[in-house]
Amino acid sequence: MRAVLVTGGAGFIGSGLVHHLIAHTDAVVTVLDKLTGAGNRDSLTGVPDERLRFVRGDVCDVAVVDELVAGQDVVVHCAAESHNDAALRDPRPFVDTNIVGTAVVLEACRRHDVRLHHVSTDEVFGDLALDDPTRFTEASPYRPSSPYAASKASADHLVRAWVRSFGLRATLSSCSNTYGPRQHVEKLIPRQVTNILDGRRPRLYGSGAHVRDWIHVEDHSAAVLRIIEAGRIGETYLVGADGEHSNREVLAMVLQLMGQSADAFDHVRDRPGHDVRYAIDATRLRHELGWRPQHTDLEAGLSETITWYREHEAWWRPHKATVEQEYEREGR
Ligand code: NAD
Ligand code: TDX
């Protein structure tokens, strides 16, 4: 694998993957990213110039995507509109980027016979009840409940159809909630960490009993690389690190790590249609491909993440006020 195109490579997962590929392979990486509010060129700081080509562009742009896909060994498709709250404000960009953009990437990979890995999410399976003893597996039915999740589910269906109908060499991964450095301040953990740094009280949606299954971005990236190297074509691999916690528990950990009392937050209006619980059974990935998460201590991972935000204010500060103004308007 000498040449890899990462779409959305200036985003949270994409940039984490680029840093991982630089550290663990010899690949030269091309990044295609539109630099929407969530993408940040500075997330690629530290990648040597001779190993990175950065192109600002849209995955919906057929000519740009076609030119970049030609000559690659692998395309990893991370570009997406990724924030549930944003999809509730305006779902249209989610349809364009997540569905149409994926179709454009698929067609380019088909034309040039390039191997594709499609990065998806556990949200395509909908949610589980808090007391449901089961977790999501590769056999779970698709039941997306939000516009974002529905757009990602549509993209997954397109990828599988291209594998079956056109023999495209593609794999998929559905990962759980990922945390770590370089995540946009619109998302739960960075939002609350930067609120506390700014002397504001964190905001918890509804009761805070909602459960997410947390995994560190390094473990997510290692899983994607493992699937690219050894995954079976046409297969989906669920990625998760047995990290189920309620939002209230996660917030209490963040507060205590930052020297605050565990109840120093405000309950705010719940997210409409808020998914109750996600939980991943990653047995296939562990058994078939031998992947194991390394960052299994959430408190230690959160502590390092908090340190990263403390030390990189210049990275997040330009986005903070705009994000908070939008939340303010919604009573969140
Ligand atoms: P992100 O919003 O941080 O990054 C998305 C990137 O895509 C940004 O850099 C953005 O500029 C770029 N982008 C958006 N529209 C584009 C377009 N039309 N053309 C080119 N680039 C465009 O999101 P993320 O959290 O890094 O998510 C990346 C992928 O990982 C998504 O597909 C998401 O579904 C998946 N995922 C994320 C998580 C998570 O917890 N963050 C978990 C599982 C799966
Ligand atoms: O201020 C907040 N307060 C709060 O209680 C925010 C921003 C969120 N929440 C809650 C909502 C969710 O239950 O925290 C949980 C996590 O919220 P997000 O960070 O917005 O993530 P989520 O909606 O769970 O989706 C994430 O995981 C799956 C990513 O954003 C998706 O891209 C990924 O597919």
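The values are calculated or read from the model by the stated rules, or taken from the named source; none is laboratory data. The shown structure was predicted, so the numbers you read here are calculated from the model rather than taken from an experiment. Heads up, the Cβs are rebuilt from the backbone with ideal geometry, glycines too, and the neighbour counts pull from every protein chain shown. Heavy atoms of the whole protein, side chains included, go into the accessibility calculation; ligands, DNA and RNA do not. Shrake-Rupley method; radii C 1.70, N 1.55, O 1.52, S 1.80 Å.
Restricting A149, A70, A86 to those that are within 12 Å of ligand 1 (Cβ to nearest atom) and more than 22 Å from A282 (Cα to Cα) reduces the list to A86. Here W315 fulfils each of the conditions (1) under 19 Å from the mean Cα position of the chain (by Cα); (2) more than 29 Å from P144 (Cα to Cα); (3) surrounded by fewer than 15 Cβ atoms within 10 Å (Cβ to Cβ) apart from (3). The residues of the stretch 80-103 that are of a type in the set (D, E, K, R) and more than 14 Å from ligand 2 (Cβ to nearest atom), listed by number, are D90, R92, D96. When the criteria are applied in full, G231 meets the requirement of being within 24 Å of V163 (Cα to Cα), surrounded by 18 or more Cβ atoms within 10 Å (Cβ to Cβ) and touching a helix residue (DSSP H, G or I) at 6+ places or on another chain (Cβ under 9 Å). Restricting attention to the stretch 157-184, the residues that are more than 20 Å from G39 (Cβ to Cβ), of a type outside the set (A, V, I, L, M, F, W, C) and more than 10 Å from ligand 1 (Cβ to nearest atom) total 7.
Of V55, V47, V114, all but one fail to be of a type outside the set (S, T, Y) and either out of contact with any helix residue (DSSP H, G or I) (no Cβ under 6 Å at 6 or more places or on another chain) or open to solvent by 40 Å² or more (accessible area, probe 1.4 Å) (or both); the exception is V55.
Residues in the stretch 77-91 that are among the aliphatic types (A, V, I, L, M), in contact with a strand residue (DSSP E or B) (Cβ under 9 Å, 6 or more places away or on another chain) and open to solvent by 20 Å² or more (accessible area, probe 1.4 Å): A80 alone.
Residues are listed down the side, and each one gets a yes or a no for (1) among the aromatic types (F, W, Y); (2) near ligand 2 (Cβ under 9 Å from one of its atoms):
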| position | (1), (2) |
| --- | --- |
| N247 | no, yes |
| L251 | no, yes |
| L255 | no, no |
| D263 | no, no |
| D266 | no, no |
| R271 | no, yes |
| Y278 | yes, yes |
| A282 | no, no |
| L285 | no, no |
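State whether one or more residues within the stretch 293-304 are open to solvent by 60 Å² or more (accessible area, probe 1.4 Å) and over 29 Å from G206 (Cβ atoms). Yes, the stretch 293-304 contains at least one residue that is open to solvent by 60 Å² or more (accessible area, probe 1.4 Å) and over 29 Å from G206 (Cβ atoms). Among the numbered conditions (1) away from ligand 2 (no atom under 16 Å from the Cβ); (2) more than 17 Å from K34 (Cα to Cα); (3) touching a strand residue (DSSP E or B) at 6+ places or on another chain (Cβ under 6 Å), the only one that L106 does not meet is (3).
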